[in-house]
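Trainee: To start, I am sharing the structure in question, which I have written as structure tokens.
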Amino acid sequence: MAKITYNNKKGDFYPTLKKKVNAYFEETGKTKTGTWAIYHKAIILYIVAIGCFVMAVFNPLDLANGWRLLSCAILGLTSASIGFNVMHDACHGAYSTKQWVNDAVGLSLNVLGGNAFLWKQKHNIIHHTYTNVDEVDEDIMKSPVIRHCHTQKWVPAHKAQHMYLPLVYALSSFLWIFVMDFQKYFTGKIGTTNAWKMNTKEQLIFWGTKLYYVGVFVVLPISVVGFLPFLAGFFTMHAVMGLALGIVFQLAHVVEDTHFFSGYEDTKIDEEWAVAQVLTTANFARKNKLVNWYVGGLNFQIEHHLFPRISHTNYPAISEIVKAHCEEYGVQYNDAPTMFGAVRSHFKMMRLFGQDKDFVPANAHLHHAH
Ligand SMILES: [Zn+2]
């Protein structure tokens, strides 16, 4: 991996913003980490998920097959929401003041078949430090299947990527659990970064999780409903979960106004880290309470990237402080009013990256383009 550095001496954007946000918590007496505002979400989401699983597999109400497939789709939506609301905050240490609670709740990702240990490095360290730095940020590293930015190699198939993108997203959670985790485990690499070494306990958790997942989500349903009905339900669940995860995470960084940096060789980014976080990130539908509830505050990604250890339940309030601060410092605050607008903007960018190999986004920091 190339050495990427930020110029944190360039200004005082971040220290002054932190003071304002800390003052807000002192004045209101609110807690930065989770409270019942987030605990209740975990309870609701887990009850819905378990309910849908029971309906789909054991069918106690003798539902028709269409309704059981719908249960699988809702299970997919709910699983993604557990990822957004519960696992994400916990893995950042924002769910509770107690680290053991964060560690335990972070294992929600393992309950869904993933691996919290690998995620913490991939997401908390790599993605949150080198956001939209091509060749380092693993979230935009899906080449050659998808071309996420102008510095990535172009192949003719990318001309259709905006059309096959939903299919790739629909497969993403399945590939994450059954392919990408194993790739990271066996190669010891997360993108271009060397992965943290797993001790024996982490290796046991890794294999235990995968065995549990196959047992509960594959073997058990097959033994109850048979192979083909299982296949239909399993892929319905994953298609919905993958689409929800793919779209929500991508709306935060790959849209029209976000910035891109290149990390193909050692690069000094002449911005404070926090300013770069704002520039590479976008909010959407800040006023939409339903979207906000479902995506666990991931529509306030700017606030999340600046304050990942503050629970998402506080983002609506502090976003006004952050937005005003950005205006004061002349830092562009990307804020799509609606989720639909953000989805359209994402697909527009993906079409441009795919159809025109010479297209360079307005806010690209051009270095050593491929
Ligand atoms: Zn995060």
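Trainee: Grab the Cα-Cα distance for L211 and S223, subtract it from 0.36 nm times how many residues apart they are, and report the gain in nm with one decimal. Let's see the in-between values first.
Mentor: Values: separation 12, 0.36 × 12 = 4.32 nm, distance 1.60 nm.
Roughly 2.7 nm would be gained on extension.
Trainee: Another one. Relative to the first principal axis of the alpha-carbon coordinates of the chain, what is the inclination of helix 65-82, with its axis defined by its Cα atoms, in degrees from 0 to 90 and to the nearest 10?
Mentor: Helix 65-82 and the main axis of the chain meet at about 40 degrees.
Trainee: So who's got an amide H within less than 5 Å of the one on F307, skipping anything under 5 residues away but keeping other chains? H placed 1.01 Å off N, in plane.
Mentor: Answer set, sorted by chain and number: none.
Trainee: Beta carbons within 10 angstrom, averaged per residue: use that to sort the peptides 275-287, 96-108, highest first.
Mentor: Numbers: 275-287: 23.2, 96-108: 16.4.
Those peptides, ordered most packed to least, come out 275-287, 96-108.
Trainee: Please state the charge dipole magnitude for the chain, taken about the Cα centre, from unit charges on C-beta atoms (+1 on K and R, -1 on D and E), reported in debye and rounded to the nearest 20. Can you show the working numbers first?
Mentor: Numbers: 32 positive and 27 negative charges, 107 e Å.
That gives a dipole near 520 debye.
Trainee: Which of the residue pairs K184/K348; K32/K197; K159/K357; K32/K98; K120/K189 have a Cα-Cα distance greater than 20 Å in the structure shown? Working shown, then result.
Mentor: Numbers: K184/K348 31 Å; K32/K197 31 Å; K159/K357 9 Å; K32/K98 12 Å; K120/K189 14 Å.
Flagged as over cut-off: K184/K348; K32/K197.
Trainee: Looking at segment 133-216, which chymotrypsin sites (Phe, Trp or Tyr not before Pro) are in a loop (DSSP not H, G, I, E or B) and have at most 14 other Cβ atoms within 10 Å? Could the numbers behind the result be given before it?
Mentor: Values: sites: W154, Y164, Y169, F174, W176, F178, F182, Y185, F186, W196, F206, W207, Y212, Y213; in loops: W154, W196.
Qualifying residues, ordered by number: W196.
Trainee: Would you mind checking which residues have amide H under 5 Å from T267's amide H? H placed 1.01 Å from N; only 5 or more apart, or other chain.
Mentor: K3, I4, T5
Trainee: Using 0.36 nm per residue of separation minus the Cα-Cα distance, give me the extension gain between R309 and F340 in nm, one decimal.
Mentor: Fully extending the segment from R309 to F340 adds 8.3 nm.
Trainee: Give me the distance in nm between label points sitting 7 Å out from Cα along the Cα-to-Cβ direction at I50 and T5, one decimal.
Mentor: According to this spin-label approximation, the distance is 5.2 nm.
Trainee: For Cα pairs less than 8 Å apart in space and 6+ apart in sequence, what is the mean separation divided by the residue count of the chain, i.e. the relative contact order in percent?
Mentor: On the way: 551 pairs, mean separation 98.7, N = 370.
For the chain, the relative contact order is 27 percent.
Trainee: Counting only helical runs of four or more DSSP H residues, what would the 222 nm mean residue ellipticity of the chain come to if each run contributes -39,500 (n - 2.57) and the total is spread over all its residues?
Mentor: On the way: 17 runs with 194 residues, N = 370.
Taking each H run of at least 4 residues, the total per residue is -16000 deg cm²/dmol.
Trainee: Label W196 and D12 with points 7 Å out from Cα along Cα→Cβ: what is the distance between them in nm?
Mentor: 3.4
Trainee: Taking θ as phi - 60°, what are the ³J(HN,Hα) couplings along segment 43-58 by the Karplus curve (6.51, -1.76, 1.60), each to the nearest whole Hz, with x for Gly and Pro?
Mentor: So the J values, rounded to whole Hz, are 5, 4, 5, 5, 5, 4, 4, 5, x, 5, 4, 5, 4, 5, 8, 8.
Trainee: Please check which bits of segment 167-190 a label hung off A157 would reach, taking the label as a point 7 Å along Cα-to-C-beta and the cut-off as backbone N under 13 Å.
Mentor: 168
Trainee: To test your reading of the geometry: what angle, between 0 and 90 degrees and rounded to tens, separates the Cα axis of helix 200-214 from the longest principal axis of the chain?
Mentor: Helix 200-214 and the main axis of the chain meet at about 50 degrees.
Trainee: Then there's this: Can you list the HN-Hα couplings for segment 348-363, worked out from phi with the Karplus curve (6.51, -1.76, 1.60; θ = phi - 60°), rounded to whole Hz and with x for Gly and Pro?
Mentor: Coupling constants for segment 348-363: 5, 5, 5, 5, 5, 4, x, 8, 10, 6, 9, 5, 10, x, 4, 10 Hz.
Trainee: For segment 142-220, which trypsin sites (Lys or Arg not before Pro) are both in a DSSP coil and crowded by at most 10 other Cβ atoms within 10 Å?
Mentor: K153, K197
Trainee: Specify the angular offset, from 0 to 90 degrees and rounded to the nearest 10, of the alpha carbon long axis of helix 13-28 from the longest principal axis of the alpha carbons in the chain.
Mentor: 60
Trainee: Only sites in a loop by DSSP and with at most 16 other Cβ atoms within 10 Å count here; which GluC sites (Glu not before Pro) in segment 310-370 make the cut? Working shown, then result.
Mentor: Details: sites: E320, E327, E328; in loops: none.
Answer in residue order: no site qualifies.
Trainee: Shifting gears a bit: Quick one: what are the phi-derived ³J(HN,Hα) couplings along segment 134-148, Karplus 6.51/-1.76/1.60 with θ = phi - 60°, whole Hz, x for glycine and proline?
Mentor: Once rounded to whole Hz, the list reads 4, 5, 10, 5, 5, 5, 10, 10, 10, 5, x, 5, 10, 9, 8.
Trainee: Placing +1 on the Cβ of each Lys and Arg and -1 on the Cβ of each Asp and Glu in the chain, which of L245, C326, A276 has its Cα farthest towards the positive end of the resulting dipole?
Mentor: Positive-most Cα among the choices belongs to L245.
A short reminder: the numbers here are calculations on the coordinates, not readings from a lab. What you see is a predicted model; the values in this text were computed from it and never measured. Note that each Cβ is placed from the backbone with ideal geometry, even for glycine, and that neighbours are counted across all protein chains shown.
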